[in-house]
Amino acid sequence: MKNKFKILSIIALVSVIGFFISACKDTPDVHPNTITISGIPSDYEGKFGTLLLFPFPITSSTPAIYSMEERISGTFSLYNWKRDDPWDGKGTFRITFLIYESVEAARNDNYIYSGVLEEGTSISITKKNTDIEWSSFIKK
């Protein structure tokens, strides 16, 4: 009798655990907005880049949104400057694009290229991925 009770108890426990596991909703993955820059010159292949987004019109020298220093592939994920978490918002921004030889150079702010969107130009972000042509940036 004791063995039957143990077996039934184990079956009940496994059933309850299985019920709670299946009833829990999956936590959705946080996918930040991205900016894809097309037409980046081959001179910058293998280098690292970052984007700094300033609310437009610019009222502060601190960006609101940024991308991590990522190996240049053309697509950059965006993060909140203050909260340091993935950014999934909308807005109008002036963008600065910085390119570095390495992550170490980025940490020391030794960039080999600094470009901004054409003077007076801003970009409106309204969807998950925004595309920008390299020719939109002017070296500064």
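Bear in mind these aren't lab numbers, they're just calculated from the coordinates by the rules spelled out. Just so you know, these numbers come straight off a predicted model, no measurement behind them. Ideal geometry is used to build each Cβ from the backbone, glycine not excepted, and the neighbour counts take in all protein chains shown.
I need to check one value: relative contact order of the range 34-139, counting alpha carbon pairs closer than 8 Å and at least 6 residues apart, in percent. Numbers along the way, then the final one.
Details: 225 pairs, mean separation 33.2, N = 106.
After rounding, I find 31 percent.
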At 10 °C in a medium of viscosity 1.306 mPa s, the range 34-139 has a Stokes-Einstein diffusion coefficient, with Rh taken as the Kirkwood radius over alpha carbon pairs, in µm² per second, of 115
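As a quick test, which of the pairs Lys82/Lys128; Lys82/Lys139; Lys82/Lys127 have an alpha carbon distance above 25 angstrom in this structure? Please list the in-between numbers first.
Details: Lys82/Lys128 20 Å; Lys82/Lys139 27 Å; Lys82/Lys127 21 Å.
Pairs exceeding 25 Å: Lys82/Lys139.
Highest first, please rank the peptides 62-73, 37-48 by the mean number of other Cβ atoms sitting within 10 Å of their residues. List each step's numbers first, then the result.
Numbers: 62-73: 16.8, 37-48: 13.8.
Result, highest mean Cβ count within 10 Å first: 62-73, 37-48.
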